[in-house]
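A.B. asks: Have a look at this one.
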Amino acid sequence: MAESTRSLTDLFGMLGPRKAAAAETANPDLSVTNVAELSYATKALHKFLAGLQATDNPLLLDLGPVVGSNVTFFGEHLGCRIRVEDIAHDIDRHVKANTLDQLPEFFTKRFTQEPGSVDGILCWDTLDFLDRPAAQALATALSGLLKPDGCLLGFFSTADARDSVYTKYVVVDESTLKYRAYPASRPRQRSLLNGDIIKLFKDLRVVDSFLMKSKMREMLFRKPNRS
């Protein structure tokens, strides 16, 4: 398993996510070494960090898999508490159990944090792998978890390809991420338009939106303080 994961990671850096996944599927024993991971310049991450730096001991919710270096990075930069909730694992589990239709209800009860208790959420590209009802249920749950003035950072693919590849985001610094790809049990669903994303997070305000050359849209949201 470790050899397979390393092989896929190396291939992703050289070929990109869809081609790497295809190569891994065609030849799971293929191993490429000494290939740099693909770096990605992010415009929204430093704004997300800036939005949380004024908060003492913020609570950060990370919807990706556990990445030790990310936990260290956010701990050092924000002095935060961080909870990792791997939504990709939830999706895969429902695919294998043939219960995808239950995902909307599942997301309404998924999180144990109290409403209005989370300062920041790293949504990454999680919503790309959900159909509209499940995406809406997750977005509504996340909006409810945020404190007033809390921030949510999400990435959304604008490409047409429906590849079955998750992306593990590894933070290098405030303006740079690296990608690591790993197989997904479900392909990406229909790309969300800008207006679709805003409707999903109707209780939040769009702070910044960046359409990147990598065919990813970065969007930073903040929960209004209505007091």
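The values are calculated or read from the model by the stated rules, or taken from the named source; none is laboratory data. This one's a predicted model, so the numbers in the text were calculated from it and none came from an experiment. With ideal geometry, Cβ positions are generated from the backbone for all residues, glycine too; neighbour counts draw on all protein chains shown. Side chains are part of the model used for accessible areas, which takes the heavy atoms of the whole protein and leaves out ligands, DNA and RNA. Shrake-Rupley method; radii C 1.70, N 1.55, O 1.52, S 1.80 Å.
A.B. asks: So for region 78-227, what are the equivalent ellipsoid semi-axes in whole Å, largest first, each being the square root of 5 times an eigenvalue of the Cα gyration tensor?
C.D. replies: Listed largest to smallest, the semi-axes of region 78-227 are 22, 19, 16 Å.
A.B. asks: Which three semi-axes in whole Å describe the equivalent ellipsoid of region 94-156, each the square root of 5 times a Cα gyration tensor eigenvalue, listed largest first?
C.D. replies: 22, 14, 8
A.B. asks: Let me ask something else. For Asp208 and Asp160, calculate 0.36 nm times their separation in residues minus their Cα-Cα distance, and state this gained length in nm to one decimal.
C.D. replies: 14.9 nm
A.B. asks: Next up: Using a 1.4 angstrom probe with every protein chain in place, what is the largest-first accessible-area order of Arg205, Arg190, Arg222?
C.D. replies: Sorted descending by solvent-accessible area, the residues read Arg190, Arg205, Arg222.
A.B. asks: Enumerate the amide H contacts of Val165 below 5 Å, restricted to partners 5 or more residues apart or on another chain; note that Pro and chain-start residues carry no placed amide H.
C.D. replies: Ala184, Arg188
A.B. asks: Can you give me the solvent accessible area of His89 with a 1.4 Å probe, rounded to the nearest 10 Å²?
C.D. replies: 110
A.B. asks: Something else about it: Per q in 0.20, 0.23 Å⁻¹, report the Debye log10 I(q)/I(0) for region 58-121, using one uniform scatterer on each alpha carbon and no solvent.
C.D. replies: -0.84, -0.97
A.B. asks: Using a 1.4 angstrom probe, figure out how much accessible area region 59-103 has per residue, in square angstrom, rounded to the nearest whole.
C.D. replies: 47
A.B. asks: Can I ask one more? Might you work out the accessible area of Thr112 for me, using a 1.4 Å probe with all protein chains in place, and round it to the nearest 10 Å²?
C.D. replies: Estimated to the nearest 10 Å², Thr112 gives 110 Å².
A.B. asks: Once R0 is set to 35 Å, what does the formula 1/(1 + (r/R0)^6) return for the Cβ-Cβ distance between Lys215 and Asp56, expressed as a FRET efficiency to the nearest 0.05?
C.D. replies: Computed FRET efficiency for Lys215 and Asp56 comes out at 0.40.
A.B. asks: Considering only Cα-Cα distances, which of the following residue pairs are longer than 27 Å: Lys147/Lys202; Lys47/Lys147; Lys47/Lys213; Lys96/Lys223; Lys109/Lys223; Lys43/Lys96?
C.D. replies: Lys96/Lys223; Lys43/Lys96
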